[in-house]
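Before I ask anything, here is the structure I am working with.
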């Protein structure tokens with residue numbers, strides 16, 4: 001059970017790090033870390049036996065809820081960045097037009 005608890009805690013810590021990257025608007029690094037997190041999650045779950053998975057349902061459900069929140073937040077931040085880039089591009093075109 002200790003390995004399971006450690007694995008889940010590591011995943012929760014990684015999830016918090018992903019939130020921190022979004023807070024700091026480091027979207028490219030977020031995408032890289034998100035990919036590593038996915039691999040970490042898959043490895044953790046794949047290494048568990050059925051009995052361990054059954055005993056870990058509550059923490060895994062908590063992790064799922066947190067990941068859903070993270071995903072929706074990442075989508076919003078990504079959309080905001082796209083909109084900002086579009087505005088900057090428009091402003092640049094306006095400046096060039098005035099020259």
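Derivation of every value follows stated rules applied to the coordinates shown; laboratory data play no part. Bear in mind the structure is a predicted one, so any value in this text is a computation, not a measurement. Cβ atoms come from the backbone with ideal geometry, glycine included; neighbour counts cover every protein chain shown.
What is the distance, in nm, between label points placed 7 Å from the Cα along the Cα-to-Cβ direction at residue 65 and at residue 90?
With each label placed 7 Å out from Cα toward Cβ, I get 3.9 nm.
Any chance you could give the angle, 0 to 90 degrees and rounded to 10, that helix 2-23 forms with the longest Cα principal axis of the chain?
Its long axis makes an angle of about 10 degrees.
For the stretch 53-99, compute the orientation-averaged projected area of the C-alpha convex hull (one quarter of its surface), in nm².
The Cα convex hull of the stretch 53-99, projected and averaged over all directions, gives 3.3 nm².
Shifting gears a bit: Find the all-direction average of the projected area of the Cα convex hull for the chain, expressing the result in square nanometres with one decimal place.
Averaging across all directions leaves 7.0 nm² for the Cα convex hull.
Sticking with this one: Please give the length that would be gained between residue 27 and residue 75 if that part of the chain were fully extended, namely 0.36 nm times their separation in residues minus their C-alpha to C-alpha distance (nm, one decimal).
16.2 nm
Taking only Cα atoms, what is the 0 to 90° angle, nearest 10, from helix 27-46's long axis to the longest principal axis of the chain?
For helix 27-46, the angle is close to 20 degrees.
Here is a follow-up. Using alpha-carbon positions, what is the distance between the centroids of the stretch 77-95 and the stretch 4-22, in Å?
32
Just want to confirm a number: the relative contact order over the chain, from Cα pairs under 8 angstrom separated by 6+ residues, in percent.
This gives 36 percent for the chain.
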